[in-house]
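S.K.: After the structure tokens below, expect a handful of questions from me.
The values are calculated or read from the model by the stated rules, or taken from the named source; none is laboratory data. Small disclaimer: the values here were computed from a predicted structure and weren't measured. SASA here: full protein model, heavy atoms, side chains in, ligands and nucleic acids out. Shrake-Rupley method; radii C 1.70, N 1.55, O 1.52, S 1.80 Å.
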Amino acid sequence: MILGKCPYCDDGSIEVRDKEVSGKKVKLYACTNAHWKTEDGEVFELRDDATCEFRIWQNALAKYGKWLTYKEVRELLE
Ligand SMILES: [Zn+2]
């Protein structure tokens, strides 16, 4: 699913990726031009073919008791 245009690069879109971090399912909102060798939530090393590194974790604000919804990410991207 695409949520909007990437704010970092010209031709990227922000897509939803299903991830599992420490046994919990979490959504990663990332640019279609962004690819990492590992996406386990701790170490992010860009792959050679990645041209962008934009990403937002759905639980980025979890310590404030908040999970980002699709709608909020869409609004952030505008
Ligand atoms: Zn991008």
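S.K.: At a 1.4 Å probe radius, carbon and sulfur cover how many percent of the accessible area of region 2-77?
M.R.: Details: 2330 of 4930 Å².
Roughly 47 percent of what the probe reaches on region 2-77 is carbon or sulfur.
S.K.: Multiply the residue separation of Lys19 and Thr38 by 0.36 nm, subtract the distance between their alpha-carbon atoms, and state the gained length in nm to one decimal. Can you show the working numbers first?
M.R.: Values: separation 19, 0.36 × 19 = 6.84 nm, distance 1.09 nm.
Between Lys19 and Thr38, full extension yields 5.7 nm more.
S.K.: So how exposed is Glu75, as accessible area in Å² (1.4 Å probe, rounded to 10)?
M.R.: So the heavy atoms of Glu75 present about 100 Å² to solvent.
S.K.: Given that compact globular proteins tend to follow 2.2 N^0.38 Å, what is the ratio of the alpha-carbon Rg of the chain to that value?
M.R.: 1.06
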